[in-house]
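**Q** Got a structure for you, questions after.
What follows is calculated from the coordinates using simple rules that are stated; it is not laboratory data. Bear in mind that the values here come from a model prediction, so they are computed numbers and not experimental data. A quick note on method: Cβ atoms are made from the backbone with ideal geometry, for glycine too, and the neighbour counts reach across all protein chains shown.
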Amino acid sequence: MYFRTQKEAKTMSRYNRKRIINKREYLYRIAGLIAMIAVLALFLPKGGYTKYEYRVGEPWDDVPVIAQDSFPVYKSEAQLKRESDSLRNYYEPYFEVKKSVYEKQATLLKENFMKTLHDVIPAYYLPHLLEKLRFLYTQGIVDAEDYDVLKKENTHQVWLFEGYESQPRYVKQLYTEKTAYEYMMAEEDSVRFNHGKLLRCGLEKFVQPNLVYDAEKSLQQRQEVDAQLVPYIGQVQVGQKLVDHGQIVDDYTYCVLQSMERFQQTRSLSITERLLQLGGQVTYIAIMVILLLFYFEQFRSDYLANLRTVMLVISLFVPFPLATYALMSHSLMSVYVIPYCILPIFIRVFMDSRTAFITHTLCILTCAVALHHPYEFIVTQLVAGLVAIYSLRQLSQRSELVRAAALVTVTTLVTYFCIELLHGSPYGSNGFDRWTYIFILMAGILSLLSYTLLMPIERIFGFTSNVTLVELSNINNVILRRLSEEAPGTFQHSMQVANLAAEVANSIGAKSQLVRTGALYHDIGKLENPVFFTENQSGTNPHDNLPYEQSAQIIIQHVKNGLRLADKYQLPSVIKEFISTHHGQSMARYFYVSYKNAFPEKKVDERVFSYPGPNPTTLEQAILMMADSVEAASRSLSEYTEESLNNMVDRIIDDQITAGYFNQCPISFLEIADAKEILKTKLRTMYHTRIQYPELMGK
């Protein structure tokens, strides 16, 4: 493989360190991949037909469509509604006439008149009122609610039946209780039939509905009317061309395409077709997942060997296809509402740019298989992912995530608009498709979740982002402020080591922010006994009155003390690793040599004078070990010349190599040589000899 720069080659090979994983770890990874494939294939939409996008009056942009089956061409919904509304005029509901109602009310009127009204109401009122009552019940009195329904449905005529006989009646001839009472009270001869006397008759009591709606007969009549509606306008034969590329979609072609989709939806797949469909879906998903696995295997083996990284990738990858499949299966809304850019953002923050792009690409391809027209989706989302990766190249503040989300949103909007321009005017016959742009804006707002999810993901998966490292580098943090106040010499030493280590990291392609932050915290254990370390002493050395073994243990103890303080202040595990490895398994050499010189005849237990380790396992930890040792040793030089500084750097780092402290590190001899040169240059700058200013001679 070709690399444009030597630094890229170093970085690639460093990520691609092979590590043999045990059988259990191997099985875990295989099980995870199988579960990933199974879940995605299970939720992938199982539609057995192709759904096209088209509008009346616009050209057909897809390939020509040939009918694979014969099917009827159904009328459009608008046409069916017009014809149904027209046929509704012929719908005439049935009402049963209750003859007993008239007989009962007429009898009650006679009894009431004879008992209570004959003394105050003239006798000729009774036959007149009975005749009017007979007329009302002959015409029909209907319940007010039923009458309102008839008016609302614009029904002109109903059928009144009694027994086996029925007769039509116009709706306008029917009465309600209100209009029937008004008819009973209305009299042209107001002298002979006095209105006041009519009021005393209480005629409202004798006006009751005698027409009852018959739902069964009415439904039967409705079905007979609806049966006259012909739902289709033609027939398509097998092999017939339905639409050609570039053809304008007219009303009839639109109905044909709609009918084809309707037929395909109702057509059930055979067992063979279902198995082939399922096999294709599982194979496609498996290809995407295996490509992702091959990428890690060939180019990022370190990530594949780390179970936390594998779980992070799976946890970020799987939700987006599942959300896409759910939206497509239930036709909830556009997939553009899903903030796909969250995936490359987090992969870029916690891993690297190449991995972010590959993972994002494969995720988008996995999602696109569920879409009917994936071209625009793939293009816009790939562009959005690239912008997200580019905008986070130097992430140092959480607010930059907001900026990245804004850039991604704007880019997606512009890209989608450009695609529409390439396909023709974005103003179709149905007007401007504003909803897609609204969904993209909603996705941009949802992508701000990356701001709030950054910290939880760090805690769950044990990663540390550059943002957190920058925040930890703030010297106003509690523990660094304590270090500057209680152990100022150690604080200055840590600052110098941080600067040296960051320069080396930048030079050889390591993570400079990580090593800088680790350097600031690597000696926090000295806060427990600051006066026992020479950089914090001012004349008195407490080691003068202690045995060499005890002094060595006090010095070595600062590593354990540092880890304890890191737990107390909840520092990330990656910082704890710098604390435990910055001395590796080296010795407290000053006290070891002093003991050997003082007691040459005694056998030395080297474990008493050795740090617990472990030795560095990452490039950044190796850089910190070199920078820490070199900076500390430089303070003990008697003279600061170029030769003395160069010799000191070579001697210390060569001794570390000989002792095997870097055997577990992904660091090459070339990178060590580069690190030496950087350290020499920086030390010469730090300890350069100032020129002596001349004194003014007397005139």
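**Q** Any of Lys98/Lys178; Lys104/Lys132; Lys560/Lys676; Lys568/Lys680; Lys104/Lys178 with alpha carbons more than 25 Å apart? Name them for me.
**A** Values: Lys98/Lys178 19 Å; Lys104/Lys132 15 Å; Lys560/Lys676 29 Å; Lys568/Lys680 37 Å; Lys104/Lys178 19 Å.
Check vs 25 Å cut-off fails for Lys560/Lys676; Lys568/Lys680.
**Q** Sticking with this one: How large is ³J(HN,Hα) for each residue in segment 103-113, as worked out from phi by the Karplus curve 6.51 cos²θ - 1.76 cosθ + 1.60 (θ = phi - 60°), to whole Hz, x for Gly and Pro?
**A** 4, 5, 5, 5, 4, 4, 5, 4, 5, 5, 5
**Q** Given contacts defined as C-alpha pairs under 8 Å and at least six residues apart, what's the relative contact order of the chain, whole-number percent?
**A** Working: 846 pairs, mean separation 90.8, N = 699.
Here the relative contact order equals 13 percent.
**Q** Would you calculate a helix-derived [θ] at 222 nm for the chain, using -39,500 (n - 2.57) for each DSSP H run of n ≥ 4 and dividing by the full residue count, to the nearest 500? Don't skip to the end; give the middle numbers.
**A** On the way: 30 runs with 411 residues, N = 699.
Value at 222 nm, helices only, nearest 500: -19000 deg cm²/dmol.
**Q** So for the chain, taking the charge dipole from beta-carbon charges (+1 Lys/Arg, -1 Asp/Glu), which of His558, Leu211, Leu108 sits furthest toward the positive end?
**A** It is His558, whose Cα lies furthest towards the positive end.
**Q** I would also like to ask the following. What whole number of Å gives the distance from the Cα centroid of segment 352-371 to the Cα centroid of segment 508-562?
**A** Answer, in whole Å: 47.
**Q** Further, regarding this structure: So how do His118, His493 line up by other beta-carbon neighbours within 10 Å, fewest first?
**A** Numbers: His118 13, His493 23.
The most exposed by this proxy come first: His118, His493.
**Q** Also, quick follow-up: Roughly how big is segment 87-226's charge dipole about its Cα centre, with Cβ charges of +1 (Lys, Arg) and -1 (Asp, Glu), in debye to the nearest 20?
**A** 440
**Q** Still on this model: 7 Å from Cα along Cα→Cβ at both Lys178 and Ser84: what's the point-to-point distance in nm?
**A** About 3.1 nm, to one decimal.
**Q** Would you mind pulling out the separation of the Cα centroids of segment 583-646 and segment 169-211, in Å?
**A** If you average the Cα positions of each part, the centres end up 118 Å apart.
**Q** I would also like to ask the following. Given charges of +1 on the Cβ of Lys and Arg and -1 on the Cβ of Asp and Glu, with all other atoms neutral, how large is the dipole of the chain about its Cα centre, in debye to the nearest 20?
**A** On the way: 70 positive and 73 negative charges, 320 e Å.
The calculation lands at about 1540 debye.
**Q** Same structure, new question: In whole Å, what is the distance between the alpha-carbon centres of segment 129-163 and segment 325-341?
**A** Using only Cα atoms to place each centre, the spacing works out to 54 Å.
**Q** Now for a different question. Once amide H atoms are built 1.01 Å from N in the peptide plane, which residues 5 or more positions from Thr176, or in another chain, come under 5 Å H to H?
**A** Val142
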